[in-house]
Amino acid sequence: MQRKNAIFIWIGLAIGAVFGMMIGAAEENIIWGLALGALAGTFIGWFVAIALEQKSKSEKPRAQ
């Protein structure tokens, strides 16, 4: 995996963790919100990285 893709995963984790903390604070369980938000953010970042990798593979011209 390229470094750019790893950055998308880490950004997703960070944004998900912050969002999860806000949701957790509303539910009065910050740790649970943090864990679920970080997990969801990681998966979203992972899927973005895979989609961009597939797009870049399909755009490369093939040698004939």
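Could you tell me whether any residue of the stretch 7-20 is over 14 Å from the mean Cα position of the chain (by Cα) and open to solvent by less than 60 Å² (accessible area, probe 1.4 Å)? Scanning the stretch 7-20, I find no residue that is over 14 Å from the mean Cα position of the chain (by Cα) and open to solvent by less than 60 Å² (accessible area, probe 1.4 Å), so the answer is no.
For (1) in contact with a Gly (Cβ under 9 Å, 6 or more places away or on another chain); (2) in contact (Cβ under 8 Å) with a residue 12 or more places away in the chain; (3) loosely packed, with under 15 Cβ neighbours inside 10 Å; (4) among the small types (Gly, Ala, Ser), each residue gets a yes or a no:
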{"site": "Ile23", "(1), (2), (3), (4)": "yes, yes, no, no"}
{"site": "Trp32", "(1), (2), (3), (4)": "yes, no, yes, no"}
{"site": "Gly41", "(1), (2), (3), (4)": "yes, yes, no, yes"}
{"site": "Trp46", "(1), (2), (3), (4)": "yes, yes, no, no"}
{"site": "Ser58", "(1), (2), (3), (4)": "no, no, yes, yes"}
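The values are calculated or read from the model by the stated rules, or taken from the named source; none is laboratory data. The structure presented is a predicted model; accordingly, all values stated were derived computationally and were not measured. All Cβ positions, even for glycine, are placed from backbone atoms using ideal geometry, and neighbour counts span all protein chains on display. What goes into the accessible areas is simple: the full protein's heavy atoms, side chains included, and nothing from ligands, DNA or RNA. Shrake-Rupley method; radii C 1.70, N 1.55, O 1.52, S 1.80 Å.
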